[in-house]
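Trainee: The structure's right below; bear with me while I get my questions together.
The values are calculated or read from the model by the stated rules, or taken from the named source; none is laboratory data. Predicted model, so just to flag it, every value in this text is computed and none were measured. Here the Cβ is made from the backbone with ideal geometry for all residues, glycine too, and neighbour counts use every protein chain on show.
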Number of protein chains: 2
Amino acid sequence: MLHSEELQKNPKLYIFLPLYYTLWMDSVLTPTEISEMQKLIDRQLWLSKPEKMWLLDKLDPSKGPDPKELKSWKKKIKSIELNHLHGLSHIGAALVKQQDEDIIIEESIHRDLQEAEEALGLLSREAGYTFKSGHQTITTEHNEDRSFNTQKMTEVLDGDQANLIKKVKAVISDPTFAYREFDNLPDQREQVLQWCQDLAKQGFGAWAFPEYAKGKNDMKGYFTIMETLSYHDLSLVIKFGVQFGLWGMSVYFLGSEKHHQKYLKDIGSLKLPGCFAMTETGHGSNVRGLETTATYDHTQKTFTIHTPNPDARKEYIGNAAVHGQKATVFAKLIIDGEDYGVNAFVVPLRSEDGKLVEGVRIEDCGRKMGLNGVDNGVIYFDNVIIPKEDMLDKFAAVNGQGEFESPINSDNRRFFTMLGTLVGGRIGIPRSALSASKTGLTIAIRHAEKRKQFGPEGGEEVPILNYRLHQRRLMPPLATSYALHFALRYLTQRFLDRKEEEAQEIEALAAGLKAYSTWFTTATLQECREACGGKGYLSENRIDDLKNDTDVYTTFEGDNVVLMQLVAKNRLTEFKQEFGNMNMFTIFNFITAQAKTSIVEKNPITVRNTDSAHLLDFGFHLNAFVYREKAILSSAAQRLKKHIDEGMDSFDATNVAQHHLQNVAQAYIERVVLEQFQKAVEETTDEGCKSALKQLCQLYALFTLEKNRGWYLEQGYMEGVKTKAIRKEVNQLCWEVRKNAMALTNAFDIPENCIAAPIAMKD
Amino acid sequence: MLHSEELQKNPKLYIFLPLYYTLWMDSVLTPTEISEMQKLIDRQLWLSKPEKMWLLDKLDPSKGPDPKELKSWKKKIKSIELNHLHGLSHIGAALVKQQDEDIIIEESIHRDLQEAEEALGLLSREAGYTFKSGHQTITTEHNEDRSFNTQKMTEVLDGDQANLIKKVKAVISDPTFAYREFDNLPDQREQVLQWCQDLAKQGFGAWAFPEYAKGKNDMKGYFTIMETLSYHDLSLVIKFGVQFGLWGMSVYFLGSEKHHQKYLKDIGSLKLPGCFAMTETGHGSNVRGLETTATYDHTQKTFTIHTPNPDARKEYIGNAAVHGQKATVFAKLIIDGEDYGVNAFVVPLRSEDGKLVEGVRIEDCGRKMGLNGVDNGVIYFDNVIIPKEDMLDKFAAVNGQGEFESPINSDNRRFFTMLGTLVGGRIGIPRSALSASKTGLTIAIRHAEKRKQFGPEGGEEVPILNYRLHQRRLMPPLATSYALHFALRYLTQRFLDRKEEEAQEIEALAAGLKAYSTWFTTATLQECREACGGKGYLSENRIDDLKNDTDVYTTFEGDNVVLMQLVAKNRLTEFKQEFGNMNMFTIFNFITAQAKTSIVEKNPITVRNTDSAHLLDFGFHLNAFVYREKAILSSAAQRLKKHIDEGMDSFDATNVAQHHLQNVAQAYIERVVLEQFQKAVEETTDEGCKSALKQLCQLYALFTLEKNRGWYLEQGYMEGVKTKAIRKEVNQLCWEVRKNAMALTNAFDIPENCIAAPIAMKD
C-alpha cells in the first residue's frame, strides 16, 4: 500500500508517519517548522544518510506527499486499532510494531518526538483524534436535561389568568386564524379586521368594559388578552389595541356616563371602529404642544375641530386610513379666544358605509416596516363641527353658561392627569413585546437544539446550543424574559390597585418598564435572527415579522429615550419628597455621605469576594442593584445642582446630564425587575420550578452586573477580580441553564400553530 | 382684571403671585409644600389676619384658583416688562410697584421668599422664564457650523476612485433607476434583473475581468462599483455581486484559461446568469462538511453531480429560483471510490429559455426579511452529468489517466486555499454595508437637524440634534463610519497587493472587518430607525429597506460569530509564529511579563491622568488599543494552555474560551481600524478636513475606550477618574462634532434620488 522503498526497507521509519501526516494536514510548513523537524531528524543517530534524506525530502513542498500518498498514509495509520487515545509518537510506534513485532523503539526516540511536537505547537494527544473514529468531548455530550415539570412552570407563569389564557389560545389556534401570506396591503388589512371582528364576537373586545356594554369589567383580563394574542399576529394585536384599548378606553376613562352609554357597546362589538388621534406631525413626544383646535361656539353649542397648519395634522393614526368611523381627537380647547389647553373630543371621520365626513381629509401612511395589517393614516380637519356633548368631559367641561370648568386648575396638570389615565397602553405594549420575545426565543432555542455544526476532530457535529457563545446569545435573554414576566405582572397589579397618591410612581414605573422591555425585545429578536442564520432570514420562520412588527414598540406609546428621561425626573422628585422638608443642600450632602460610608458591602473584603456562594447570593445581587440605583440618583441630583449653582440654565443642565439621567432610570428599573423576580422565586412552592427559576434569577442578576461592571469598578464597589469572577459565573450559569432551555421555552406554552416556523417544529 | 378683594385692598400681596402661580402650575401641592408655605406666611408680620387667611386658602385645592383665575394671574404677571430675568420675589415686587409706586418691599421679605423657594426646591431664576417671552439657552443656540469644505472632504474619501464613483452615481441617478414600490416578488425580481442588465450593458459587470471578456481588469474598481451601487437598492447590489462577483469570480479564480475563454464574456454581459452553489442546508458555516458529490467516470470522461440526501441540497442560492442558467457547484470529488475533498464544477441549471435541466430540481426560498429582489432558491441534483472539462481546475484536476492531481497535497488545505481566493466577497460586503450605514446616518442626521421638539420654558423648540442623548446615538456611529471607510480602503489595498505569505493574515483581516462592519451597520441602522421615530418606521423613509436588506450581511459570506472565532485562531497562530521557534511555554511567560511590566502607560500617574490634552492624544489612544490587543491575546493563549495542561480536550477548551476569543478578534480589529484612521488623518493635506477628521478619530477612539472601560478598569490600565473623564470627553466631542454633522454626511455625496427619504430632503 505504501510504495515507498525506504519504509519497506526500514519499517522503523513508520514512527514519523503520524507526525508527518499531522504537519501536512492543515497547513503549509513554515521555515520554522521545517528547521524544527530538521533538528529532530539530525538527532536520530539510528537513521542512515539516505533515510535522513528521504525524511527531509518529505518536508519539501515540491517533493512532499501528493494528495493520494497523503490519503494512503492516513489509511495506514487508521488501520491501527486505537483503543485508547495516544500521542503521535505512540501511534507511530504501533505502526512500526504492525510491520515488525520485533523492532524496539527506544524511549529516547519517543522523548525526541514529543519535544519536537511541543516545539511545533502540536497538541499531540489531540492530533491523535484524527486517526480515531469517534471523539467524545464534554461539549459533545452536553444536552437537554430539564430539572422541573414544564406544566407546573406554565402554571407559575399563568397564575390566576390561566383559564382566560387557555381560552384566548384556543381562539388563535382555530384554523380561521392560520397565518397567510398577503399579496397586498388591502388584503392584509381586511384579514386583520376580520380577525378582530371574530375576537369581538367572542366578547374579548369589550372585556374591560362595564356589563351593560357586554363587558366583563375586567381590566386585568384585558391585559392578559393582549399578551396572549401577541403569540399570534402582531398587526392583529395592535389593531385590537387601537380599537378596544386606545379608542375604547379613551371614551371610557376620559368620558362620562353619557359617553359610555352612547359608545362603549358599539366599540366593544366593533360595530363602531375608531381611532385615537393624539400625535401630530409636529408634535409626537412633546404632546403638550399639540396645535389642533376645538373652538367652542356658545350660540350653537358646538365645537369646531380644525387643523390650523400642515404640521398640526394627526399622523400615524391607527384605524384611520380605512376603517375608522370616529376618533377621540386631542385638541386645544378655545373659549372666547382663551386657550384652555389640550382636551379630548369624539369626532366623526366616516359614515357607516365608509364615506368621509365633510371637512375630514385622510391620507394613507402606506407601507411600513411592519404592522402592515394596521391601516395607519394622516387626518386633516377643516372646521369639522361636533355637538357640545361630544367633548369627553371627565376632567373638564364647558358649563351651561359657556364657561370652562375643571377640578384641576392648571391646564398642564389636567392634560397630564388625562394622559395618566391612559397609562394602560404602557402596560399592554411591553406585555405584547414580551410575548414576541418569548416566541423568538422559542424558535431560536429549538433551532439551536436541532442544528448541528462543527465538532471535535474525528467526532460528530455538535448542537449549536452547546457552544458557549451561542449560549451567551440566548440564555441571558431567556432569563430576562422570565424576569420581565414577573415585573410586568407586578406593574399590572400595581396599576389595578392604584391609589391616587401612587399615580405618578406607577406612571414612571410603566414608562420605564415599557422602555426597558421593548428595547429588550428589539435586541432579543435581533439576536434570535442572527442565531438562526440564513434560516432566520426566511420569512417563513417568523422572526422577520416578529422583529419588524415590534420595531416600532420602542417609539409608540412614548419614545423610549423620552420616557427614560421622564422616569429619571420622577425619581429626582420622589427623591426630594422622600426627604420631606429637608433643604435640598442637606439632602445631597446626606445622601452622598450615606452612599460613601454606610454601604456595608463596600468593604475591602467584599469588593474582591469571588466566592461562588457569595456571587450567587440573592442578597448580594439586590444590594448591588440598590446601591447602584441610589448612588446614580444622588450623583445625578448633585450634578444638576452643581451646574445650576454655577449659573447654568436648568434646561442646559438637564441636557448635559441626559446620559446620566438615562442611567438613573435604567438602574431604577433594573432594581425593580430583580426585586420582583426574587420575590416570585421565593413565592414559588413547587421545588423543581423554584430551583430552575432561582438559577434564571441568578443569571439575570449577574448578567446585568456584568453589563454594568464598568460603573461598579469606577465606584470601587467591586474590584477586577470580582467582576472577572462574575463573568465566569455568567458563563457557567449559561452552560447550566442551557439544559433547561427547551423546557423553559416550552413552559411559555405558545400554541404550535402560532410558532409556525418550520425550523422550530417539533419532530 | 384680578377681582380678588384682598389684592385690591393691599397690593403688597402681589408679591406672592409669581410664587403661587409657579406652585400651582405643574403639580398638586404636597403637604410638605403647604406647610413650608404656612411657615413663610406666619413669618410675615406685616400681614393682617384676613390676609393670612386668604393666602392660606389659596393653597387649598378646594379653594385655590380655578383655571380661569390661574390664567388671569399669568396674564397679570406677564404684563410686567421683564428686561432682565429675575427671581420670583423680584417679579412679585415689580407687580406691587405696578399697582402702587410707593409701596416699599423690605429686604427681609425678599429673603424670606427666597428661602421658601429654596426649601420648596424651586429654581427661582428658572421659574421666571414662565413669564418672559423668549428664553435662549446654550442648547437652543447650538447649531450647524461646519469647519471644512465639503467637496474637499469628498475628495479625501473618494481618493483615486473619484471618476469611477461619479460614473456609477450618474447611472444610478438616471430615471430608469428610480425606486418603485413592488406589488409582488416576481415584479421586484424582474426590475432588479433589468437594473443589473443596464449595468452590464455599460460595462460594470465585467469590470474586473480581462480585456478579452470586455473587462477593465480592474478589481479595485469592482469594489468601488459595489460600494457605490449600495447607495441605491441593495437587492440590486447583491444580485450584481452574485452574478459578477460570486459566479463570475469563481470561474475566474478557480477555473483556468479555457473556462475564462468559455464563460467570462457571457457572465460579464449577463447573457449567462449564474449561481454560486456552496452552502447546503446541513452545512452553512462548516463548509468543509459539504455532502454533494461529483463522481468521476473515466470511461465517459464525465462527472456526476448528486445530492445524496435532503440536507445536502444547496440552499439560499442567489439567482437560482428564477434566472440562473449555470452554477459553480461545490462538491466532494470522488474518483474510484476515493474522496478527494470539496472541489468546484460548472453545472447547468436551465436552458437559455429558462427550462430546467434534467435532474435539477429547484425550489424558491420565497419571501425573506429583505433582499426580495434577489431570487434565492434551493437546488437538488439527481445525478446530473457534466463533461470533465467543466471541473474548475486551477487547484486540482483529473489527469488524462483519470488520476487526481493537485499542487496542494491536503484536501483541507486545498479547499481553504480555494476559499481564500474568494475572500473578495468579504471585502465587497462590508463596503456595501458601510454605504448603507452612511445613507441611514445621512437620513437620521438631516431629520434630527430639521425636527424640533421640546425646549426651555417659554422658549422655542430645539432641533433634536441638540440633545445630548441624540448626539450620543448618532455622532459615534458617524465617527465610526469614517473610521471604517479608511479601514476598508486599507483592507482592499492589502488584498490587491497581497503576496502569498500574507494570504492568511489578509483573510483574517477581511473576516474580522466583515464581521465588525456588518454588526456596526445593523446597530447603526437600528439607532437611525429609532432616532427618526415614527417617521423612521414608514417605508418611504428608506430605513426599513436599508435595515432589512442588510440584516443578513451578518450571516452571509460567513456568520459573524464564526468569523470572529477564525480571526482569533489566526491571531493565536500569528502570535506563535512571531516568536519563531521559542517554546510555547516560554512565549506565554515572556508575553505575560511584557504585558505586566514594559507598558510604560501603566504607571500610577498615567492610569489616572484626566488631562484633556492627554485624553485627546493619538499616541495615548493607539497605545491603549495595542495594549488591549496584546494583553487579551496573550491571556487567551495562556488560558487555553492552562485548560489543556489540566487535561481538558482542546475542543472543550476552545469552547470554554469562545467569549474570550471573540474579544481577541475584536481588539485586533479595533486596533487596525484606529491605526488606519490615524494614518488617514495624518496623510490628509487640507487643513480643514484634517482637523475635522482628527476630531472624528478622537471620538472613535474615546468612544471605543469607553465601551471597553470595564476591561481597562479590571486590568488597572485606567482608574475610575480616568474612565469618567473619558465619558465626559466623549460627550463633549459629540457636542462639537454635531456642528459638522450635516457637512460630514453631505461629504458622502450620496445622490439625492438615492437617499429619497422625504424626511431627509433638502428644503
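Trainee: Out of (1) at pLDDT 95 or above; (2) within 14 Å of chain B (Cβ to nearest Cβ); (3) outside any strand (DSSP E or B); (4) surrounded by fewer than 23 Cβ atoms within 10 Å (Cβ to Cβ), the odd one out for A:Glu389 is which?
Mentor: Answer for A:Glu389: the failing condition is (2).
Trainee: List the residue pairs whose Cβ atoms are under 8 Å apart, where the first residue sits in the range B:51-75 and is part of a helix (DSSP H, G or I), the second is surrounded by fewer than 16 Cβ atoms within 10 Å (Cβ to Cβ) and among the basic types (Lys, Arg), and the two are 6 or more positions apart or on different chains.
Mentor: B:Asp57/B:Lys63
Trainee: Also, quick follow-up: Residue under question is A:His259, and the condition is that it be buried (at least 20 other Cβ atoms within 10 Å of the Cβ), at negative phi and touching a residue at least 24 places away in the same chain (Cβ under 8 Å); does it hold? Write out each step before concluding.
Mentor: Numbers: buried (at least 20 other Cβ atoms within 10 Å of the Cβ): yes; at negative phi: yes; touching a residue at least 24 places away in the same chain (Cβ under 8 Å): yes.
Judged against the criteria, A:His259 is a match.
Trainee: Select from the range B:337-374 the residues that are under 30 Å from B:Phe404 (Cβ atoms) and aliphatic (A, V, I, L, M) and list them in ascending order.
Mentor: Keep residues of the range B:337-374 that are under 30 Å from B:Phe404 (Cβ atoms), which gives B:337-349, B:357-361.
The answer is B:Val342, B:Ala344, B:Val346, B:Val347, B:Leu349, B:Val357, B:Val360.
Trainee: Restricting attention to the range B:211-222, which residues are in a helix (DSSP H, G or I) and under 15 Å from B:Leu199 (Cβ atoms)? Reasoning before the result, please.
Mentor: Here is the first cut: in the range B:211-222, the ones in a helix (DSSP H, G or I) are B:211-213, B:219-222.
Result: B:Gly221, B:Tyr222.
Trainee: Now, a different point. What about B:Leu59, is it more than 22 Å from B:Glu457 (Cα to Cα), at pLDDT 85 or above, within 14 Å of chain A (Cβ to nearest Cβ) and surrounded by 16 or more Cβ atoms within 10 Å (Cβ to Cβ)?
Mentor: Values: more than 22 Å from B:Glu457 (Cα to Cα): yes; at pLDDT 85 or above: yes; within 14 Å of chain A (Cβ to nearest Cβ): yes; surrounded by 16 or more Cβ atoms within 10 Å (Cβ to Cβ): yes.
Answer is yes for this residue.
Trainee: Do the conditions hold for B:Ile15, that is, is it touching a helix residue (DSSP H, G or I) at 6+ places or on another chain (Cβ under 9 Å) and in contact (Cβ under 8 Å) with a residue 60 or more places away in the chain? Break it down stepwise before answering.
Mentor: Numbers: touching a helix residue (DSSP H, G or I) at 6+ places or on another chain (Cβ under 9 Å): yes; in contact (Cβ under 8 Å) with a residue 60 or more places away in the chain: yes.
Yes; evaluated as a whole, the condition is true for this residue.
Trainee: Which of the residues spanning the range A:22-38 are touching a residue at least 24 places away in the same chain (Cβ under 8 Å) and within 9 Å of another protein chain (Cβ to nearest Cβ)? Full working, then the answer.
Mentor: Of all residues in the range A:22-38, those touching a residue at least 24 places away in the same chain (Cβ under 8 Å) come to A:22-25, A:28-29, A:33-34, A:36-37.
Residues satisfying the conditions are A:Trp24, A:Met25, A:Val28, A:Glu33, A:Glu36.
Trainee: Follow-up. Filter the range A:705-755 down to the residues that are more than 10 Å from chain B (Cβ to nearest Cβ), surrounded by 18 or more Cβ atoms within 10 Å (Cβ to Cβ) and polar (S, T, N, Q) and list them by number.
Mentor: A:Asn740, A:Thr745, A:Asn746
Trainee: Another question, then. For the range A:477-527, give me each residue that is buried (at least 21 other Cβ atoms within 10 Å of the Cβ), of a type in the set (S, T, N, Q) and either over 12 Å from the mean Cα position of the chain (by Cα) or within 22 Å of A:Leu422 (Cβ to Cβ) (or both).
Mentor: If the condition is that a residue be buried (at least 21 other Cβ atoms within 10 Å of the Cβ), of a type in the set (S, T, N, Q) and either over 12 Å from the mean Cα position of the chain (by Cα) or within 22 Å of A:Leu422 (Cβ to Cβ) (or both), then A:Thr492, A:Ser517, A:Thr518, A:Thr521 are the ones that fit.
Trainee: Further question: When only residues in the range A:438-471 that are part of a loop (DSSP other than H, G, I, E, B) and either more than 8 Å from chain B (Cβ to nearest Cβ) or hydrophobic (A, V, I, L, M, F, W, C) (or both) count, which is nearest to A:Thr524 (Cα to Cα)?
Mentor: Restricting attention to the range A:438-471, the residues satisfying the condition of being part of a loop (DSSP other than H, G, I, E, B) are A:451, A:453-462, A:467.
Checking the rest, the ones that are also either more than 8 Å from chain B (Cβ to nearest Cβ) or hydrophobic (A, V, I, L, M, F, W, C) (or both) come to A:451, A:454, A:458, A:460, A:462.
Values: A:Arg451: 19, A:Phe454: 25, A:Gly458: 35, A:Glu460: 30, A:Val462: 24 Å.
Step by step, filter the range A:438-471, then rank; the result is A:Arg451.
Trainee: Looking at this structure, is A:Ala692 surrounded by fewer than 22 Cβ atoms within 10 Å (Cβ to Cβ), of a type in the set (A, V, I, L, M) and in contact with a Phe, Trp or Tyr (Cβ under 9 Å, 6 or more places away or on another chain)? Even if it seems obvious, please write down each step before you answer.
Mentor: On the way: surrounded by fewer than 22 Cβ atoms within 10 Å (Cβ to Cβ): no; of a type in the set (A, V, I, L, M): yes; in contact with a Phe, Trp or Tyr (Cβ under 9 Å, 6 or more places away or on another chain): yes.
Against the criterion (surrounded by fewer than 22 Cβ atoms within 10 Å (Cβ to Cβ), of a type in the set (A, V, I, L, M) and in contact with a Phe, Trp or Tyr (Cβ under 9 Å, 6 or more places away or on another chain)), A:Ala692 does not qualify.
Trainee: Going by what's in this entry, would A:Gly354 be described as within 40 Å of the chain's Cα centre (by Cα), more than 14 Å from every other protein chain (Cβ to nearest Cβ), at pLDDT below 95 and surrounded by fewer than 19 Cβ atoms within 10 Å (Cβ to Cβ)? Talk me through it step by step, then tell me what you get.
Mentor: Values: within 40 Å of the chain's Cα centre (by Cα): yes; more than 14 Å from every other protein chain (Cβ to nearest Cβ): yes; at pLDDT below 95: yes; surrounded by fewer than 19 Cβ atoms within 10 Å (Cβ to Cβ): yes.
For A:Gly354, the condition - within 40 Å of the chain's Cα centre (by Cα), more than 14 Å from every other protein chain (Cβ to nearest Cβ), at pLDDT below 95 and surrounded by fewer than 19 Cβ atoms within 10 Å (Cβ to Cβ) - is met.
Trainee: Within the range A:131-158, which residues are over 20 Å from A:Pro463 (Cα atoms) and either touching a His at 6+ places or on another chain (Cβ under 7 Å) or within 11 Å of chain B (Cβ to nearest Cβ) (or both)?
Mentor: A:Leu157
Trainee: Additional query: When you check A:Ala116 against the structure, is it under 15 Å from A:Ile15 (Cα atoms), within 11 Å of chain B (Cβ to nearest Cβ) and of a type in the set (Gly, Ala, Ser), yes or no?
Mentor: Here the answer is yes, as A:Ala116 does meet what is asked.
Trainee: I'm checking my understanding of the structure. Among residues of the range B:649-660 that are of a type in the set (A, V, I, L, M) and assigned to a helix (DSSP H, G or I), which one is farthest from the other protein chains (Cβ to nearest Cβ)?
Mentor: If we take residues in the range B:649-660 being of a type in the set (A, V, I, L, M) and assigned to a helix (DSSP H, G or I), then B:Ala653 is farthest from the other protein chains (Cβ to nearest Cβ).
Trainee: Out of (1) within 11 Å of another protein chain (Cβ to nearest Cβ); (2) at pLDDT below 90, what's the single condition that is false for B:Ala593?
Mentor: (1)
Trainee: Then there's this: For the range B:224-263, give me each residue that is of a type in the set (Lys, Arg) and more than 28 Å from the chain's Cα centre (by Cα). Quick ask: steps written out before the conclusion?
Mentor: Step one: list which residues in the range B:224-263 are of a type in the set (Lys, Arg), which gives B:239, B:258, B:262.
The answer is B:Lys258, B:Lys262.
Condition check ((1) within 14 Å of chain B (Cβ to nearest Cβ); (2) within 24 Å of B:Pro61 (Cα to Cα)) across all residues:
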position	(1), (2)
A:Ala327	no, no
A:Phe330	no, no
A:Leu371	yes, no
A:Val384	no, no
A:Ala397	yes, yes
A:Phe404	yes, yes
A:Asp411	yes, yes
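Trainee: Can I ask one more? When both residues are 6+ apart or on different chains and their Cβ atoms are under 6 Å apart, which pairs have a first residue that lies in the range B:564-577 and is more than 8 Å from chain A (Cβ to nearest Cβ), and a second that is surrounded by fewer than 24 Cβ atoms within 10 Å (Cβ to Cβ) and not aliphatic (A, V, I, L, M)?
Mentor: B:Met564/B:Gln662
Trainee: Going by the structure shown, is B:Gln151 closer than 23 Å to B:Glu540 by Cβ, of a type in the set (S, T, N, Q) and not assigned by TED's automatic domain parsing to the domain that holds B:Glu460? So that I can check it myself, show each step before the final result.
Mentor: On the way: closer than 23 Å to B:Glu540 by Cβ: no; of a type in the set (S, T, N, Q): yes; not assigned by TED's automatic domain parsing to the domain that holds B:Glu460: yes.
The answer is no for B:Gln151.
Yes/no per residue for (1) farther than 17 Å from A:His621 by Cβ; (2) assigned to a helix (DSSP H, G or I):
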| site | (1), (2) |
| --- | --- |
| A:Leu640 | yes, yes |
| A:Gly647 | yes, no |
| A:Gln662 | yes, yes |
| A:Tyr668 | no, yes |
| A:Leu674 | no, yes |
| A:Glu682 | no, yes |
| A:Lys690 | no, yes |
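Trainee: Can you name the residue in the range B:674-704 that is away from chain A (no Cβ under 14 Å) and touching a Ser or Thr at 6+ places or on another chain (Cβ under 8 Å) and is also nearest to B:Arg472 (Cα to Cα) among such residues?
Mentor: So, considering only residues that are away from chain A (no Cβ under 14 Å) and touching a Ser or Thr at 6+ places or on another chain (Cβ under 8 Å), the one nearest to B:Arg472 (Cα to Cα) is B:Tyr700.
Trainee: How many residues does the range A:332-342 contain that are in a strand (DSSP E or B) and either within 36 Å of the chain's Cα centre (by Cα) or charged (D, E, K, R) (or both)?
Mentor: Count: 4.
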